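The values are calculated or read from the model by the stated rules, or taken from the named source; none is laboratory data. This is a predicted model, so every value here is computed, not measured. With ideal geometry, Cβ positions are generated from the backbone for all residues, glycine too; neighbour counts draw on all protein chains shown.
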Ligand SMILES: Nc1ncnc2c1ncn2[C@@H]1O[C@H](COP(=O)(O)OP(=O)(O)OP(=O)(O)O)[C@@H](O)[C@H]1O
Ligand SMILES: [Mg+2]
């Protein structure tokens, strides 16, 4: 994975949000953490759908509302899987450990909705994507940045 990808984009339609996820997936590899921040309905799950498509993992991405975390297996041998977590439901990272996922997190890209303030401790570096929704319209704005590498 290459660092340095940061940016901002206006997302008029849900397809634009998915397309951004697809693009960001090109910066991601196994062991990476993505934190999605944004209010209800901002498009966090839509962005995750794009990331999943970009990574080529299996299974339909849906809101992990009732299950906390969903695992998507790699679509190609040796490729990364995807673990999609809803931190809104997660009391803390101990619980993520306690979920006892089948997959080793090191073999996956981990995407955490609502993860800011909770998930950073998982890895030294992570990609943060912030989604904002303009009042009374479908337009969203995304900003994203990799956390500064730790010394
Ligand atoms: N530009 C856009 N980007 C993303 N979603 C959009 C956009 N325009 C409309 N939508 C709609 O808004 C909804 C976004 O829902 P989504 O589940 O992705 O948000 P979320 O941030 O995951 O919400 P939650 O906080 O409930 O998990 C979808 O129904 C989607 O079709
Ligand atoms: Mg969601």
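Checking the conditions here, which among 37, 32 is surrounded by fewer than 22 Cβ atoms within 10 Å (Cβ to Cβ), in contact with a strand residue (DSSP E or B) (Cβ under 8 Å, 6 or more places away or on another chain) and either free of Cβ contacts under 8 Å to residues at least 12 places away in the same chain or more than 21 Å from residue 78 (Cα to Cα) (or both)?
Result: 37 is the single residue among 37, 32 that is surrounded by fewer than 22 Cβ atoms within 10 Å (Cβ to Cβ), in contact with a strand residue (DSSP E or B) (Cβ under 8 Å, 6 or more places away or on another chain) and either free of Cβ contacts under 8 Å to residues at least 12 places away in the same chain or more than 21 Å from residue 78 (Cα to Cα) (or both).
Determine if segment 50-71 includes at least one residue that is at positive phi, in a loop (DSSP other than H, G, I, E, B), touching a helix residue (DSSP H, G or I) at 6+ places or on another chain (Cβ under 7 Å) and more than 8 Å from ligand 1 (Cβ to nearest atom).
yes
Has segment 24-40 got any residue that is more than 16 Å from ligand 2 (Cβ to nearest atom), modelled with pLDDT of 95 or more and within 27 Å of residue 137 (Cβ to Cβ)?
Within segment 24-40, one or more residues are more than 16 Å from ligand 2 (Cβ to nearest atom), modelled with pLDDT of 95 or more and within 27 Å of residue 137 (Cβ to Cβ).
For the subset of segment 93-133 comprising residues that are exposed (fewer than 15 other Cβ atoms within 10 Å of the Cβ) and at positive phi, which member is modelled with the highest pLDDT?
Per the criteria, the residue is 117.
Is there a residue being crowded, with 22+ Cβ neighbours inside 10 Å, away from ligand 2 (no atom under 12 Å from the Cβ) and under 17 Å from residue 142 (Cβ atoms) anywhere in segment 56-64?
No: segment 56-64 contains no residue that is crowded, with 22+ Cβ neighbours inside 10 Å, away from ligand 2 (no atom under 12 Å from the Cβ) and under 17 Å from residue 142 (Cβ atoms).
Which one is nearest to residue 133 (Cα to Cα) among residues in segment 40-49 that are without any contact (Cβ under 8 Å) to a residue 60 or more places away in the chain and part of a helix (DSSP H, G or I)?
46
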